[in-house]
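Q: Can you read through this structure? Questions will come right after.
We did not get these values from a lab; they are worked out from the coordinates using the rules stated. All values reported here derive from a predicted model rather than from experimental measurement. As a convention, Cβ positions derive from the backbone with ideal geometry for all residues, glycine included, and neighbour counts pool all protein chains shown.
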Amino acid sequence: MNTRRALPESPYLAAVTGRKPGRIPVWFMRQAGRSLPEYRALRQHHTMLAACFEPEVVCEITLQPIRRHDVDAAILFSDIVVPLRAAGIDLDIVADVGPVIAHPVRTDADIDAMKPLEIQAIQPVCEAVRLLVDALGQVPLIGFAGAPFTLASYLVEGGPSRNHARTKAMMLAEPASWHALMAKLADLTIAFLRAQIDAGVDAIQVFDSWAGTLSLADYRQYVLPHSTRVFASLAEYGVPMTHFGVGTAELLGAMSTALKPATATTVGVDWRTSLIDAATRVEPGTALQGNLDPVVLLAGWPAVESAARSVVDDGRRAVDAGAAGHVFNLGHGVLPETDPGVLTDLVSLVHSL
């Protein structure tokens, strides 16, 4: 197991480990991506999936928002389907669509045919992490992966879905098959995150983007055991871990229990739920991350400033109510049409508060 690098001045790591940061830490989901002209220029020469497997490209894209915005953490440029590709799944990331699976997984035979993660296939990702650790200085690097349920939804549906009908049908009608699929995906997620941690990331975030489509009862029965195993399997590393989903207000308590084996835990909160309310739902000692509505960034600076100040105030009250800390972020990813200048000004504003 690698020795973690020491970043004693990191506001992000302070907030997620229950210490008092020198300033309010801020970073943005999808901060490296389509909102940046330098990203779009680079992507003219690389497909999305190809870019995820080229270490120098991953490094450059990850660094772009650090240079431009002065955010307090970098997040590895990748995609949640990268470990699926590294396990031999035939897929592509189609522009304006998202991940598309050539042969969806819908039968026991399909599940049995799934292979484990091929470690050699993700060596470019690990090399990118090593390059970034050297390049980032005192800025922490967040590694990430998709949670088993969200990966399952892409595999079963064959791509993005509004209602996740096929996924839920398998879950409810074929529970044995469902749990077999989720067990394999949990193994995949664990292996992908373990490789990132061994390569040097300072924290991880698990995206269960579509878990909010589930009821709390279904989440507890069909998803929570597998997500819990992911975090429990990595707890020995001692790195801070964040659990995030969209539309998960009713699931926040359960999502925080999945993190319990870890020593420094954070739950991401979307814009639909106040941080104060989230603080009463999650396990004691859990930090919160969020939760500005990404659309606010398109509404002009007065609206951005007002909403950002409200989030900061909400975060302070959440800490007073028992949250271990607050990391300023959006409630989901940066929208492609966002003006990068607004993001830079937002970081400056949050730091000033």
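Q: Using unit Cβ charges (K, R positive; D, E negative) and no other charged atoms, how large, in debye to the nearest 20, is the dipole of the chain about its Cα centre? Working shown, then result.
A: On the way: 28 positive and 37 negative charges, 107 e Å.
Dipole of the chain, to the nearest 20 debye: 520 debye.
Q: Assuming 0.36 nm per residue, please report the length gained on full extension of the stretch residue 19 to residue 236 beyond their Cα-Cα distance. It would help to have the intermediate numbers written out before the result.
A: Numbers: separation 217, 0.36 × 217 = 78.12 nm, distance 2.06 nm.
Gain in length upon complete extension: 76.1 nm.
Q: In nm, to one decimal, how far is the residue 179 label point from the residue 6 one, both placed 7 Å along Cα→Cβ?
A: Result for the modelled spin labels: 4.6 nm.
Q: Checking the cross-link filter: which lysines have an alpha carbon closer than 17 Å to that of residue 115, excluding same-chain neighbours under 8 positions apart?
A: In chain and number order, the partners are 184.
Q: Convert each backbone phi in region 308-317 into a coupling constant with the Karplus relation 6.51 cos²θ - 1.76 cosθ + 1.60 (shift: θ = phi - 60°), then list the ³J(HN,Hα) values in order as whole Hz, x for Gly and Pro.
A: Per-residue couplings from phi come out as 5, 4, 5, 5, 4, 4, 4, x, 5, 5 Hz.
Q: Once phi is turned into ³J(HN,Hα) by the Karplus curve 6.51 cos²θ - 1.76 cosθ + 1.60 with θ = phi - 60°, what whole-Hz value does each residue of region 121-129 show in order, with x for glycine and proline?
A: 5, 9, 4, x, 5, 5, 5, 4, 4
Q: Name the residues whose placed amide hydrogens come within less than 5 Å of the amide hydrogen of residue 91, ignoring near sequence neighbours (fewer than 5 apart) on the same chain.
A: 102
Q: Ok, one more. Can you list the HN-Hα couplings for region 151-161, worked out from phi with the Karplus curve (6.51, -1.76, 1.60; θ = phi - 60°), rounded to whole Hz and with x for Gly and Pro?
A: 4, 4, 5, 5, 5, 6, 6, x, x, x, 9
Q: A further question on this structure: If I model a spin label as a point 7 Å beyond the Cα along the Cα-Cβ vector, how far apart are those points for residue 295 and residue 169 in nm?
A: 3.1 nm
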